[in-house]
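Beneath this line is the structure, given in structure tokens, with notes to follow.
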Amino acid sequence: MIQIDIPGRGTIHLEVLVLDYNGTLALDGEMFESVKKNLIYLSTFLEIHVLTADTFGSVRHQCKGLPVQVKVLKSMDHTTEKADYLLQFDSREIIAIGNGANDQLMLKRAHLGIAVIGLEGASMLTLQSADLVVNKIEDALGLLIEPQRLKATLRR
């Protein structure tokens, strides 16, 4: 668990990290090498889930050996499927990170939604649904590794 007191928002107790894959953790189906060590480190504090349509068919291979649970989306409505995936965690506090239009509702439903612009860009709807926006996934994961950064950004 990552616990942080954010002035004007209260204390958050983050337990679950839900990540989009392509455009967020990966480009063209290949996970960024820099992300792997961060996921390993964060798994000591957070339960980590990766959600994807698996456009390139590579997610299971790319996540092999990493402490993450992979969910390949099955429905025709990935926006709703991603948002509904969060419901299984009941009252546990969730961080969601994504960039695409189908991440919009997931980020909005999460206790902390982070939009990543990255090399693919980001959907405007998703940017508007996020609590904060970063340039790249390493920045988003860095906020969780050094949570005092969240306080500086999210205080009211």
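The table that follows gives values for the structure above.
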| read-out | value |
| --- | --- |
| Rounded to 5, percent antiparallel among DSSP beta bridges of the chain | 25 percent |
| Assigned charges on the beta-carbon of Lys, Arg, Asp, Glu; region 89-156 dipole about Cα centre (debye) | 280 debye |
| Hydrodynamic radius of region 26-154 per Kirkwood, over alpha carbon pairs, in Å | 14.9 Å |
| Farthest positive-ward along the chain dipole, Cα basis, beta-carbon charges - from Gly121, Leu105, Ala26 | Leu105 |
| Spatial separation of Cα centroids for region 127-155 and region 35-90, in angstrom | 19 Å |
| Ranked by how many other beta carbons lie within 10 Å on average, peptides 1-12, 119-130 from highest | 119-130, 1-12 |
| Potential extension, Glu146-Met124 segment - 0.36 nm per residue separation minus Cα distance | 5.2 nm |
| Met1 versus Lys37: modelled label distance in nm, points set 7 Å from Cα along the beta carbon direction | 3.0 nm |
| Kyte-Doolittle mean at least 1.6, axial Cα span of 24 Å or more - DSSP H helices of the chain | none |
| Close Lys-Lys pairs in the chain, where close means Cα under 12 Å and separation is 8 or more or interchain | 4 |
| Proxy reagent accessibility, fewest Cβ within 10 Å first, across Glu33, Glu81 | Glu33, Glu81 |
| Full-extension gain in nm, Thr44 to Lys74, via 0.36 nm per residue minus C-alpha separation | 7.9 nm |
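All of the numbers you see were taken from the coordinates with simple rules; none came from a lab. All figures in this text were calculated on a predicted structure; none of them were measured in a lab. Using ideal geometry, Cβ is built from the backbone for each residue, glycine included, and neighbour counts are taken over all protein chains shown.
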